[in-house]
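Following: one structure in structure tokens, then a few remarks.
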Amino acid sequence: MGQRVHQPREDAEFDFVLDRTEGPVLAYFIGTWPKTIEPCRAMDRAVRAVADAYAGRLTVVRADLTRCPAAARRHGITGAPSCVLLKDGEAVAHGAGPLTHTEVRELIDAHL
């Protein structure tokens, strides 16, 4: 992941990033168990491209479900990969499954 994507190691760090961020945040959640690895890798590529395309307008946070379980519960995440778009700390859109670059952009564009 590039520098444009924050990767918190725990819930407190996830919350710290959100508290310090102005503007919209795309939080996406990955899993590290075998059946989620390939779908999460596919979404990593899509989200990395989105982070570059929306640099300066959107903050991207990549969180592991096992390291940030409270954040996932708070935002209604039940599986990986999944994402939530936050504005002013509130969820305005959710996406589940390995979304494509185009699908991630559509999710964001509808709310920017």
Exercise. How many residues does the stretch 36-48 contain that are closer than 18 Å to Pro24 by Cβ and open to solvent by 50 Å² or more (accessible area, probe 1.4 Å)?
Worked result: 1
Exercise. So which of Ala51, Ala70, Ala42 is of a type in the set (A, V, I, L, M) and touching a helix residue (DSSP H, G or I) at 6+ places or on another chain (Cβ under 8 Å)?
Worked result: Ala70
Problem set entry | Neighbours by Cβ (under 6 Å, 6+ apart or cross-chain): first from the stretch 12-30, within 20 Å of Val47 (Cα to Cα); second of a type outside the set (A, V, I, L, M, F, W, C) and surrounded by fewer than 17 Cβ atoms within 10 Å (Cβ to Cβ) | Pro24/Lys87
Seminar exercise, completed: Note on the stretch 47-78: residues under 18 Å from Arg9 (Cα atoms) and not in a helix (DSSP H, G or I) are Thr59, Val60, Val61, Arg62, Ala63, Asp64, Leu65, Thr66, Arg67, Cys68, His75, Ile77
For this session: Just give me the residues in the stretch 72-91 being open to solvent by 20 Å² or more (accessible area, probe 1.4 Å) and in contact (Cβ under 8 Å) with a residue 60 or more places away in the chain, in sequence order.
Result: Lys87, Gly89
Problem set entry | Residue count, the stretch 23-46 (criterion: assigned to a loop (DSSP other than H, G, I, E, B) and at pLDDT 90 or above) | 3
Exercise. Just a yes or no: is a residue in the stretch 49-71 farther than 12 Å from Val5 by Cα, of a type in the set (Ser, Thr, Tyr), open to solvent by 50 Å² or more (accessible area, probe 1.4 Å) and out of contact with any Cys (no Cβ under 7 Å at 6 or more places or on another chain)?
Worked result: yes
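The values are calculated or read from the model by the stated rules, or taken from the named source; none is laboratory data. This structure is a prediction, so every number in the text was calculated from the model and none was measured. Note: ideal-geometry Cβ built from the backbone for every residue, glycine included; neighbour counts use all protein chains shown. Surface accessibility is based on the protein's heavy atoms, side chains included, excluding ligands, DNA and RNA. Shrake-Rupley method; radii C 1.70, N 1.55, O 1.52, S 1.80 Å.
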